[in-house]
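The values are calculated or read from the model by the stated rules, or taken from the named source; none is laboratory data. This is a predicted model, so every value here is computed, not measured. Counting neighbours? That spans all protein chains shown, and the Cβs are built from the backbone with ideal geometry, glycine included. To get the accessible areas, we keep the full protein, side chains included, count just its heavy atoms, and leave off ligands, DNA and RNA. Shrake-Rupley method; radii C 1.70, N 1.55, O 1.52, S 1.80 Å.
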Amino acid sequence: MKILKPERPGGSLIVQIIAVFLLLLFIGCIYIPLYYWNIPFLNHLFNTWWLWVLPSLPAIWFLWLIVDSVIAFHTKHCLLHLIDFQVDEIKGNIQITFKLNGFPEPQITEEMLQAKYQPIYGRGGPPIRFKKQQAVYNITEDSYKITINASELLIKIKDIFIYVEQKRLIPYHCIYRVHRFSYDWRNPRF
């Protein structure tokens, strides 16, 4: 049994803080020389909108960092115990069996669970939801089983995630990376 902690949607906290700091440094390197040595820039400063929007980007990003930290604080005690992960190459099915611990609600419904994937040749962004999936709750073992039909996608998957959506005062969700496929570019996986 493998115990998984939720992942932050925006990456780790230290990486986000370094990114905000580098963005501030970059904007400072642009604005300080223009502000001190360019008289037309000072005269044009109040006539253009981008000169006011560009410095507000780190402030917006810092607000996102605060919101992301609040969300991550609520989900840090929610753990996923991965019991079984099976890939049926012939049928193209993936079966994930797991338990959820630390959630405030007595039972997470099947509608709150979603399996998503990140493609190998992805363009970034959030993971994509599987179109054909079925979640079943086992009362006797207090576990969940998600069956995914990924017949046409099996070669294209890099990571598989489980999303547990919560609807509360602050809407948040727990993201767990359940499996990462190893991929050799010279020899495809299957």
Inset, instruction - Go through the residues of segment 156-166 one by one and say whether even a single one is under 21 Å from the mean Cα position of the chain (by Cα), in a loop (DSSP other than H, G, I, E, B) and more than 13 Å from Ile96 (Cα to Cα). - result: no
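Could we say that His77 is modelled with pLDDT of 70 or more and either at positive phi or exposed (fewer than 15 other Cβ atoms within 10 Å of the Cβ) (or both) here? Can you show your working first?
Values: modelled with pLDDT of 70 or more: yes; either at positive phi or exposed (fewer than 15 other Cβ atoms within 10 Å of the Cβ) (or both): yes.
Yes, satisfied.
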Legend entry - Filtered residue count, segment 80-94, keeping only those that are in a loop (DSSP other than H, G, I, E, B) and of a type in the set (D, E, K, R): 2
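Condition check ((1) open to solvent by less than 90 Å² (accessible area, probe 1.4 Å); (2) at pLDDT below 70; (3) among the aliphatic types (A, V, I, L, M)) across all residues:
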| position | (1), (2), (3) |
| --- | --- |
| Arg8 | yes, yes, no |
| Phe26 | no, no, no |
| Ile32 | no, yes, yes |
| Tyr35 | no, yes, no |
| Val87 | yes, no, yes |
| Thr97 | yes, no, no |
Inset, instruction - Return yes or no: is Tyr117 open to solvent by less than 60 Å² (accessible area, probe 1.4 Å) and either in contact (Cβ under 8 Å) with a residue 12 or more places away in the chain or not assigned by the TED database to the domain that holds Thr97 (or both)? - result: yes
Inset, instruction - Check off (1) touching a Leu at 6+ places or on another chain (Cβ under 8 Å); (2) at pLDDT 75 or above for Leu51 and give me the number that stays unchecked. - result: (2)
Inset, instruction - State whether one or more residues within segment 132-150 are surrounded by fewer than 16 Cβ atoms within 10 Å (Cβ to Cβ) and touching a residue at least 60 places away in the same chain (Cβ under 8 Å). - result: no
Legend entry - Residues satisfying the stated conditions in segment 117-155, i.e. more than 20 Å from Asp84 (Cα to Cα) and in a loop (DSSP other than H, G, I, E, B): Ile120, Tyr121, Gly122, Arg123, Gly124, Gly125, Pro126, Pro127, Lys131, Glu152, Leu153
Inset, instruction - Return the only residue of Phe190, Phe161 being modelled with pLDDT under 75 and aromatic (Phe, Trp, Tyr). - result: Phe190
